[in-house]
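Since the structure comes first, as structure tokens, the remarks are kept for the end.
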Amino acid sequence: MKIKDIVNRDLVTLDNCENEPIHIPGKIQPHGFLLGITSGWIIDFCTENISSFFDLVHTQVLGKPFAAIFSTTCQEEISDYINGDEIKDAFPLEIDLLGKLFQINIHKSGETYILEAEALFPDKEKLADVYKQTIQFVSQMNKTESLKELCALVAQGTREITGYDRVMIYRFDEQYNGEVFAEDCREDLEPFLGLHYPHTDIPAQARELYIKNELRLIVDINYEPVPIFTVDDKEGKNLDLSLSILRSTSPIHVEYLKNMGVGATLTISLIHHGKLWGLIACHHYSEKNISPEIRLAAKLQGQFITSQIDIRQSNDENVSAQKTILALEHITAKDFEISQQALETIVKVPQLLELCNAAGVSIVSRDKIYKNGLVPSDEQIINLLEEIQALNNETFSTNKLIDFFPEIANNSSVAGIIYHSVGNNDHIIWYRPETISEINWGGDPEKSIIKDANGLHPRNSFDIWKQIVKNQSSPWKPYEINAAVQYAHTLHNQLILIMLSEEEEKYRNQSEILKETNSELENINWISTHDLQEPLRKIQLITSKMLTELDVISTESISNSLQRVSKSASRMSGLLEDILKYTRIKNTRDTLQPVDLNKILKSTVKEMHENISESNVLIEHENLPEVHAIGFLMRQLFINILQNSIKYASAERQLKIQITASQEPVIIHDRYKVYCHWVCFSDNGIGFEQQYAESIFKVFTRLHTQEHYTGSGIGLALCKKIMQTIGGDIRAEGKPDQGTNIIIYFPCDSEDTLLPI
């Protein structure tokens, strides 16, 4: 029978050290021996050091039935243990092998049962003592509040139970760089608390083994590895020792520990939600082994931490999270105006920043940017949105903007963002500035593996190495990201309400305009049958009379008749011209622009100079504002208002017109509309009864007879139509024989479009 060892002699290089096959070393530590037994109870694997425990050598054991070497009684005892209900990793089997007492850990690797035997501890602790210590620890644990307090207590408790010189709670970040989060050590030792170690110190394959096997011991760092031998009956025959207690450690890791001056270690995995959260790392500065009872107690310490991580992290974050919740409740409870202008108010509310502890925020809606706090420029915000949209993400967050959009990060003052799409073309982004921090590493993280003429070696310097970290903000906490998500939904609903409100107002205005149009059609029908026919009848009557009296009519009579015909024709022409003006205003769709009303008034007065002089009108005015309107329509508006005042001047006094205005923009709420400027034309004419304040703006409506006051009755209706066209309003106030006030209101936003007519 041919026998061979299964020692893995693959060379480790810089290219493959991350993939070093540490789960199949083919070697164990010498404080115990290992047997691999087939399902038929044949010894298929055996370590060379079995001779250190019995008067046997591995060649005598391999290929033999287990019972032939250790007795049928031992085989039955082990079989009962394997098939029993005991928790095997918690309670090793205590057994007599060839007259010596051992503790045996048993697990299955493939089709092979692996038996790892260690000499039974002569002074092993009793379970009752371990239980007592555990109860005391639980009592103290319940008094802690934060995760850091709990970890500090576990470090202290683990050191008391195990007797190691140093116990560290080692926590991983997202990249598996480690931080010594809590520590308890001998007073004469230099503390490692707060130091960071790079992810290369514990490579990926080692982290995988820590998940599979939660407890690992190195009893003596200076041990000589013991090879495992097997029957050479299959090519590539090997043994997976992932779950082994005695498995030999990577030589690079052993050298790493020697460089630290460590003599023995105990490592307990802290697994949270299926991932390696951290480790309990115990160091001793001489060789050290511990009994199964102490191992179990130490393992329980780790389970205390992992069972409490969610609760303690929640407690740690509770105060900040509560502030976030209150900020979210406050802003969602606010009753904002249902209009696009409300975004100016929303973005300034302090709670919008507080809900995710941001330094700045921007809302982009309908290609307009609303912002507050520390934010990039408008151009940078637009570029950032283009870059994010290229990722096709509805949401996006990072505390290292430079990793994703380096050009934007380098040219702005922000390093972290939370982004949410709140509609097809609407977005909200929260910002954080760069937070420069200092990290203390336990040695240079760039020199974790060193190559020389003799091969690969871990670093031998563990002097504190300071790193300054730039180009990143403080990380966004989960509750901050969740609050941002919740508010993004609220803002999305707000924008939908604004859109629906605008559509509702649009349809309401259309309904009002349709109603007015029907009324106008009736009036036009009336004017065509009455006002236009009346001068036509006069012309027909005068011309007929002249034709019948051609022989007797005098030249003077002919002249008077023709003057009357001309007057009637002029009135018809004026009516037709007014109707044409009215129709043209209805079809105007020009965009609103800034208009200086002072210039409009000056040109209007100049154009009406003769009429104003003949009527002896006194006009006084304040400085008028710049408004959003249409220039030529404003001239028509002013002309019609001034002509209306002149037409209805009192015969008992000189006509005086005073023009006043709001000097600064003011929000004027009126039902479903918002205005920012007003202008008032006040005269001391004949006035009117207030009950007619609305009807005077209807087309062809007259309060006075044609004999006393000439005109078509279309002037103020024309003014009403002009103000409707630009999204404004016009109103009248009157008192009989005292005068009239005509007040016009202008829209707020230059981006308002004309109302559909």
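The values are calculated or read from the model by the stated rules, or taken from the named source; none is laboratory data. It should be emphasised that the depicted structure is a prediction, and the values quoted were computed from it without experimental measurement. Neighbour counts are summed over all protein chains in view; Cβ atoms, including those assigned to glycine, are modelled from backbone coordinates with ideal geometry. Heavy atoms of the whole protein, side chains included, go into the accessibility calculation; ligands, DNA and RNA do not. Shrake-Rupley method; radii C 1.70, N 1.55, O 1.52, S 1.80 Å.
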For region 164-181, indicate whether the set of residues that are open to solvent by 40 Å² or more (accessible area, probe 1.4 Å), over 22 Å from Leu217 (Cβ atoms) and in a helix (DSSP H, G or I) is non-empty.
no
Here is a list: Lys506, Lys545, Lys538, Lys515. Which entry is in contact with a Ser or Thr (Cβ under 6 Å, 6 or more places away or on another chain), of a type outside the set (A, V, I, L, M), in a helix (DSSP H, G or I) and at pLDDT 70 or above?
Lys538
Does Leu718 satisfy the condition of being buried (at least 19 other Cβ atoms within 10 Å of the Cβ) and either modelled with pLDDT of 85 or more or more than 42 Å from the chain's Cα centre (by Cα) (or both)?
yes
Can you name the residue in region 32-70 that is in contact (Cβ under 8 Å) with a residue 40 or more places away in the chain, in a loop (DSSP other than H, G, I, E, B) and small (Gly, Ala, Ser) and, of all such residues, is least open to solvent (accessible area, probe 1.4 Å)?
Gly63
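Residue-wise test of (1) within 21 Å of Leu328 (Cα to Cα); (2) in a helix (DSSP H, G or I).
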| residue | (1), (2) |
| --- | --- |
| Tyr370 | yes, no |
| Pro376 | no, no |
| Leu384 | no, yes |
| Ala409 | no, yes |
Subset tally (residues that are touching a strand residue (DSSP E or B) at 6+ places or on another chain (Cβ under 9 Å), charged (D, E, K, R) and in a loop (DSSP other than H, G, I, E, B)) for region 183-216:
2
Hey, among the residues in region 565-590 that are open to solvent by 80 Å² or more (accessible area, probe 1.4 Å) and in a helix (DSSP H, G or I), which one's modelled with the highest pLDDT?
Lys567
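Consider Gly236 carefully, then state whether it is small (Gly, Ala, Ser) and either without any contact (Cβ under 8 Å) to a residue 60 or more places away in the chain or within 28 Å of Glu293 (Cα to Cα) (or both).
For Gly236, the condition - small (Gly, Ala, Ser) and either without any contact (Cβ under 8 Å) to a residue 60 or more places away in the chain or within 28 Å of Glu293 (Cα to Cα) (or both) - is met.
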State all residues of region 234-284 that are over 44 Å from the mean Cα position of the chain (by Cα), of a type in the set (A, V, I, L, M) and within 22 Å of Lys299 (Cα to Cα); if no residue qualifies, say none.
Leu241, Ile245, Leu246, Val262, Ala264
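How many of the residues in region 225-244 are closer than 28 Å to Gln175 by Cα and crowded, with 21+ Cβ neighbours inside 10 Å?
2
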Suppose the filter is touching a strand residue (DSSP E or B) at 6+ places or on another chain (Cβ under 7 Å) and either at pLDDT 75 or above or open to solvent by less than 100 Å² (accessible area, probe 1.4 Å) (or both); does Leu562 pass it?
no
I'm trying to understand the selection: among the residues of region 719-738, which are under 20 Å from Gln690 (Cα atoms) and part of a helix (DSSP H, G or I)?
Cys719, Lys720
Taking region 614-660 and keeping only residues that are polar (S, T, N, Q), open to solvent by less than 70 Å² (accessible area, probe 1.4 Å) and not in a strand (DSSP E or B), one is left with Ser615, Gln636, Asn640, Asn644, Ser645, Ser650
Mind checking which residues of region 591-613 are surrounded by fewer than 15 Cβ atoms within 10 Å (Cβ to Cβ) and part of a loop (DSSP other than H, G, I, E, B)?
Thr591
Of the residues in region 134-163, those that are part of a helix (DSSP H, G or I), farther than 11 Å from Ala298 by Cα and open to solvent by 40 Å² or more (accessible area, probe 1.4 Å) come to Ile135, Gln136, Val138, Ser139, Gln140, Lys148, Glu149, Ala152, Gln156
